[in-house]
Structures are given as structure tokens and as C-alpha cells.
Amino acid sequence: MTEVSHPRRALVVIDVQNEYESGGLRIQYPPVADSLRNIGRAIDAAHTAGIPVIVVQQSSPTDAPLFATGSHGWELHAVVASRPREHYLRKALPSAFAGTGLGEWLQSHAIDTLAVVGYMTHNCNDTTIKHAFDAGLQVEFLMDASGSVPYANRAGAATAEEIHRVFAVVEQSRYAAVMTTDEWVAHLAHGTTPERDTIHASHQRALARLVVAA
């Protein structure tokens with residue numbers, strides 16, 4: 001993708017709902033209190049910079065075990081519910097683009113850069129980031145304003161920290177500029193461009209690390 005010198009950003013806040021703090025999918029890494037605080041900071045910084053904020057809410061049938069529409073777990077967390085937004089949409093699938101009209105909204109507002117916060121790093125954030133990348137958008141991912149849970153299944157097991165870290169590394173390799181909330185706020189304040197990377201360069205650095213370790 002072509003680098004955007006003067007980005008027209010939007011901040012998409014994905015699925016910041018009670019389910020991830022006090023429900024059945026409590027975020028374990030980074031600590032959920034930390035990521036919630038950074039999500040609030042990102043929203044406030046976006047408003048200060050005149051960047052539109054898009055709030056996304058995962059919705060499932062009323063008898064679903066998670067995100068059952070109308071339940072406490074389904075409701076937006078107070079960090080998001082208490083703050084203003086420019087656009088709101090519900091989704092039923094992982095990507096914030098799938099069946100929501102998000103792509104059309106971004107196009108109608110001439111947005112070329114999408115900053116992503118919310119939950120979870122490896123699920124809805126990852127699919128949204130790659131959907132945006134494939135649509136030709138520049139993407140920014142605030143890694144400390146997101147989070148993961150651990151998994152165990154027939155393929156193996158991984159901690160929340162492992163999942164979050166590995167997905168952040170993969171996003172940075174091509175799909176997004178990955179940074180902290182502090183770094184993102186600084187880029188907004190100074191008009192600077194976040195560092196992006198390539199698969200080839202990321203791979204070459206990893207090989208160099210192996211040589212040094214040997």
C-alpha cells in the first residue's frame with residue numbers, strides 16, 4: 001500500500017463490552033484495566049484531534065452464551081458508553097466490515113487510515129485489520145488498547161500473552177503499524193508517521209537473531 005503523508009484517520013473501537021471485563025471472556029493480557037484505560041485515552045485523543053470515532057458492538061442471539069443481545073455482557077463498557085462517538089454499528093461476525101456498511105461509511109468520509117482498538121487482538125481486531133488492509137486502507141493498531149484470552153484445544157495451548165504478542169508481531173510485519181497508545185497520541189500531536197514494516201525485513205531480522213544466538 002502507498003504511505004499516506006497526511007492521513008485522514010478514523011478510530012474504530014471494537015467490541016468494548018462488559019463481557020470482556022466481568023463476563024465470560026475476561027481479558028487476561030494486557031491486564032484489562034490497563035487496556036480499558038488506554039482505550040479511553042485513545043478516544044479522548046481522537047476527539048481532540050478531530051478524528052471520528054466509530055463504536056462497534058458484537059451482537060448475538062438472546063440465548064447465546066456470550067454477547068447475548070440485551071444482556072449485561074452485551075452492553076458497551078462504561079469507558080465507551082460514557083464518551084461521544086460519530087458512528088455506531090452492530091456486527092454478528094468478527095470483522096467490523098462484515099455486513100455493517102463500515103467500508104461505505106469510511107469511503108463516504110474520505111477516510112484512508114483506520115486506527116484499531118478494542119477486543120480481541122487475535123479475533124475481531126485481527127480480522128478487521130486484514131479486511132481494512134485488503135481494502136487499501138492504511139491501518140494502525142494500538143497494542144496496549146487491546147487484549148487477548150488464553151486458548152486450549154486439540155491444536156495445542158497458548159497463553160493470553162503469547163497470543164497477543166505473536167499477533168502484534170504479525171500485524172507489524174505487513175498489515176498495520178503497531179504501537180502503544182502513547183506513541184499514537186504523540187504521532188497525532190506532532191504529525192509524524194508511524195513505522196511500518198515488511199514480511200521480508202521481519203523475516204531477515206529473525207534470521208539474524210538466530211545467527212547471533214548461535
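List of remarks:
- Part-to-part distance (alpha-carbon centres) for the range 169-214 and the range 96-162, which is given in Å: 17 Å
- Using the Karplus relation 6.51 cos²θ - 1.76 cosθ + 1.60 with θ = phi - 60°, the per-residue 3J(HN,Hα) values for the range 13-25 come to 9, 9, 6, 7, 10, 4, 3, 8, 10, 10, x, x, 10 Hz, with x marking Gly and Pro.
- Counting only DSSP H runs of at least 4 residues, each contributing -39500 (n - 2.57), and dividing by the residue count of the chain, the helix-based mean residue ellipticity at 222 nm comes to -10000 deg cm²/dmol.
- Take every DSSP beta bridge whose two residues both sit in the range 58-209; close to 25 percent of them are antiparallel.
- Fewest neighbouring Cβ atoms within 10 Å first, the residues W184, W74, W105 line up as W105, W74, W184.
- The range 205-212 - phi-based ³J(HN,Hα) in whole Hz, Karplus 6.51/-1.76/1.60, Gly and Pro as x: 5, 5, 5, 5, 5, 5, 5, 4
- Taking Y175, Y20, Y119 and counting other C-beta atoms within 10 Å, the order from fewest to most: Y175, Y20, Y119
- Cα-based convex hull volume of the range 9-213 per residue, rounded to whole Å³: 134 Å³
- The ranking of R9, R154, R26, R174 from fewest to most other beta carbons within 10 Å of each one's beta carbon is R154, R26, R174, R9.
- Here's the picture: charge each Lys and Arg Cβ at +1 and each Asp and Glu Cβ at -1 in the chain, and of G40, A176, I14 the one pushed furthest to the positive end of that dipole is A176.
Since every read-out is calculated from the coordinates, none of them should be taken as a lab result. Note that this is a predicted model, so its numbers are computed, not measured. Reconstructed Cβ throughout: ideal geometry from the backbone, glycine too, with neighbour counts over all protein chains shown.
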